[in-house]
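Read the structure below first, then the notes.
Laboratory data are not the source of any read-out in this text; all were calculated from the coordinates shown. The structure displayed is predicted, hence computed values, not measured ones. Cβ coordinates were reconstructed from backbone atoms using ideal geometry, including for glycine residues, and neighbour counts include every protein chain displayed.
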Amino acid sequence: MSIISPFELLIKLDARWRSNSSGLPVATEVVDDWIGIGFAINETPLLAKMDDVNEILPPAETIRVPGVTHWVKGLANIRGSLMPVLDMNDFLYGKQTKIRKESRILVINKLGVVAALLVDEVYGLRRFKPEEHQQNLGQEAG
């Protein structure tokens, strides 16, 4: 019986494992999940695309700007950037958001427009498979 070196033993073991292995599973199709941020305005649950939301913060202190519409709460300095804070409840339903401990602002950047949207509550992150997607916008009865 001949003595083999540890290196030769490793080479033989490697060759045997490679010949007996079935390989790793290969995904034939990569499916991206749709990721959204769940939040509420006037007790209505809504979703925003994760890519559009830069930050979620507690309501910021604002400086009122004269002559703007009633749903613009004012300007806030958020991390060194001056941006408008928009009261989404007031914009959509005509009544001001009552600031509570659950209230948050969503800092969004859509097509280069940066704003802070005041919402009643943020539920958190949610992932959706493409087959769960439904789009009901723009449909009218009749």
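Listing for the model above:
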{"item": "Of LYS49/LYS110; LYS49/LYS73; LYS49/LYS129; LYS73/LYS110; LYS73/LYS95, those spanning more than 22 Å from alpha-carbon to alpha-carbon", "result": "LYS49/LYS73"}
{"item": "Residue-wise HN-Hα coupling along the range 88-105, computed from phi with Karplus coefficients 6.51, -1.76, 1.60 (Hz; x: Gly, Pro)", "result": "5, 5, 5, 5, 7, 10, x, 9, 5, 6, 7, 5, 10, 5, 7, 4, 9, 10"}
{"item": "3J(HN,Hα) from dihedral phi, the range 34-45, Karplus parametrisation 6.51/-1.76/1.60, rounded to Hz, x for glycine, proline", "result": "8, 10, x, 9, x, 8, 10, 10, 6, 6, 9, x"}
{"item": "Proximal aspartates and glutamates relative to LYS98, as straight alpha-carbon distance under 20 Å, when same-chain residues fewer than 8 apart are discounted", "result": "GLU43, GLU61, ASP87, ASP90, ASP120, GLU121"}
{"item": "Identified option (computed volume of the Cα convex hull per residue in Å³; candidates (1) 256; (2) 114; (3) 93)", "result": "(1)"}
{"item": "Sparse-neighbourhood loop sites, GluC sites (Glu not before Pro) in the range 42-142 - DSSP loop, at most 16 other Cβ within 10 angstrom", "result": "GLU43, GLU61, GLU102, GLU140"}
{"item": "Rounded to whole Hz, the Karplus (6.51, -1.76, 1.60) HN-Hα couplings of the range 3-10, x for glycine and proline", "result": "8, 9, 6, x, 5, 5, 4, 5"}
{"item": "Cut-off of 10 Å, at most 13 other beta carbons, DSSP loop: longest stretch of the chain lacking such trypsin sites (Lys or Arg not before Pro)", "result": "1-63"}
{"item": "Listed residues ALA40, ALA76, ALA15, most fluctuating in the chain (Gaussian network, C-alpha, under 10 Å)", "result": "ALA15"}
